[in-house]
Amino acid sequence: MSIAFGMTSSYAIADSCEGFGPQTPRDIDSVLGENARSFSKAPQSSEMNLCNIHFHKNAEHKAKDFSVFAGPGEHGGYQCNATSSLTAAELKAPKGKVCKNVKPGDTIEVHWVHSSCDVKPGKGLGSCLNDKCANPDLRVETQVFLVVNDSNALDFNELGYDGNVVNGYHQPKHIPDNTGKPVEFLGSTTGPKYTSQQCSPLQVTWSVRPSCAKVDINSLAKWCESNEFEEDHAHGVRELVTDPKLLSPIK
């Protein structure tokens, strides 16, 4: 399950979402936004509890480094620009299926979801809140990856959790720190259940890194076989939100 899990034009019948807060995903290179609803940014992720890790097939967001349109639909979105320059070795198919629907050359967008609640990491958005904390601050750390068959690429298992606690907070073992300064903005949950006609009501602070990184498909396969989040496949994407009335300004 994604943090939130039909595709229609981003401009069509935008009035049906009138009154909702800013939506996500977006082009992070565009700072424009006219959504009047505002809320305080969530604390830094180091001061919150990691509650979920999941990933989407193709990037939900768009940036200069991942701007190749993959088409509409549940697994549309955007691909890393470097996809067309991968070597035959990087594209070599591993044995068996990987995470049910991932292959070398695919782009994935990973979401490390953090909550202000006193919670432990687990399956889906439900792990980010509880009866005593039903309206948490949420922050999603985001990285887009190009999946390759190369043991020298990043090991997805080193980007996981495995019981890592830092200063009393559940934390991922690592999030790439060499893919550019994260672009911060106010938005919502994502996933294909939401459109510009059916907006998400939840408030999320996003931190999206602007450059792709390569990740080894064999390590991703191992992670999908066993992880605390019961994640075993790449989720669908929400169509890019482009109507300024549905976006917050990036400051």
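The values are calculated or read from the model by the stated rules, or taken from the named source; none is laboratory data. The structure displayed is predicted, hence computed values, not measured ones. Neighbour counts run over all protein chains shown; Cβ positions are idealised from the backbone, glycine included. Side chains included, ligands, DNA and RNA excluded: accessible areas come from the protein's heavy atoms. Shrake-Rupley method; radii C 1.70, N 1.55, O 1.52, S 1.80 Å.
What number comes out for the charge environment of LEU154, summing +1 per Lys or Arg and -1 per Asp or Glu over other residues with Cβ under 9 Å away? Can you show the working numbers first?
Details: positive: LYS214; negative: ASP155, GLU158, ASP216.
Counting the neighbours of LEU154, the net charge comes to -2.
Under the rule of -39500 (n - 2.57) per DSSP H run of 4 or more residues, summed and divided by the residues of the chain, what mean residue ellipticity at 222 nm is obtained, to the nearest 500 deg cm²/dmol?
Numbers: 1 runs with 9 residues, N = 251.
Estimated from H runs of four or more residues: -1000 deg cm²/dmol.
Using the heavy atoms of the protein chains and a 1.4 angstrom probe, tell me the accessible area per residue for region 25-88 in square angstrom.
46 Å²
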Exercise. Residues with amide H under 5 Å of HIS235's amide H, sequence separation 5 or more or different chain, H placed in the peptide plane at 1.01 Å from N; which?
Worked result: PHE55, HIS56, LYS57
Exercise. Using modelled amide H (1.01 Å from N, peptide plane; none on Pro or chain starts), what sits under 5 Å from the amide H of LEU129, excluding residues fewer than 5 places away?
Worked result: none
Exercise. Quick one: putting +1 on the C-beta of Lys and Arg, -1 on the C-beta of Asp and Glu, what dipole do you get for region 38-103 around its Cα centre, in Debye to the nearest 20?
Worked result: 300 debye
Problem set entry | Derived scalar couplings ³J(HN,Hα) [region 47-63; Karplus, 6.51 cos²θ - 1.76 cosθ + 1.60; whole Hz; x for Gly, Pro] | 10, 9, 8, 4, 10, 6, 10, 8, 9, 10, 7, 6, 7, 6, 7, 10, 8
For this session: Roll a 1.4 Å probe over the protein chains and send me the accessible area per residue for region 118-204 in Å².
Result: 47 Å²
Problem set entry | Cα-based radius of gyration of region 102-249 once divided by 2.2 N^0.38 Å, which approximates compact folds | 1.08
Seminar exercise, completed: Net charge (Lys, Arg +1; Asp, Glu -1) of residues whose beta-carbon lies under 13 Å from that of LEU240, LEU240 excluded, is -3
Seminar exercise, completed: Diffing region 136-142: the Karplus 3J(HN,Hα) column from phi (6.51, -1.76, 1.60, θ = phi - 60°), in whole Hz with x for Gly and Pro, holds x, 6, 10, 10, 10, 7, 10
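Out of every Cα pair in the chain, what percent are spaced more than 23 Å from each other? Working shown, then result.
Values: 14729 of 31375 pairs.
Pairs farther apart than 23 Å: 47 percent.
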Problem set entry | ³J(HN,Hα), Karplus 6.51/-1.76/1.60, whole Hz, each residue of region 198-203, x for Gly, Pro | 10, 7, 7, x, 7, 9
Exercise. In region 76-181, what percent of the accessible surface is made up of carbon and sulfur (1.4 Å probe, ligands and nucleic acids excluded)?
Worked result: 47 percent
For this session: Please compute the Cα-Cα pair-distance distribution of region 166-237 with 5 Å bins starting at 0, giving whole percents from short to long.
Result: 3, 11, 13, 19, 24, 20, 9, 2, 0
For this session: First select every other residue whose beta carbon is under 12 angstrom from the beta carbon of THR107; then total the charges, Lys and Arg +1, Asp and Glu -1.
Result: 0
Seminar exercise, completed: For LYS132, the aspartates and glutamates lying under 14 Å Cα to Cα, once residues fewer than eight places off in the same chain are dropped, come out as ASP118
Seminar exercise, completed: For LYS214, the lysines lying under 23 Å Cα to Cα, once residues fewer than eight places off in the same chain are dropped, come out as LYS57, LYS62, LYS64, LYS92, LYS95, LYS97, LYS100, LYS103, LYS173, LYS181, LYS222
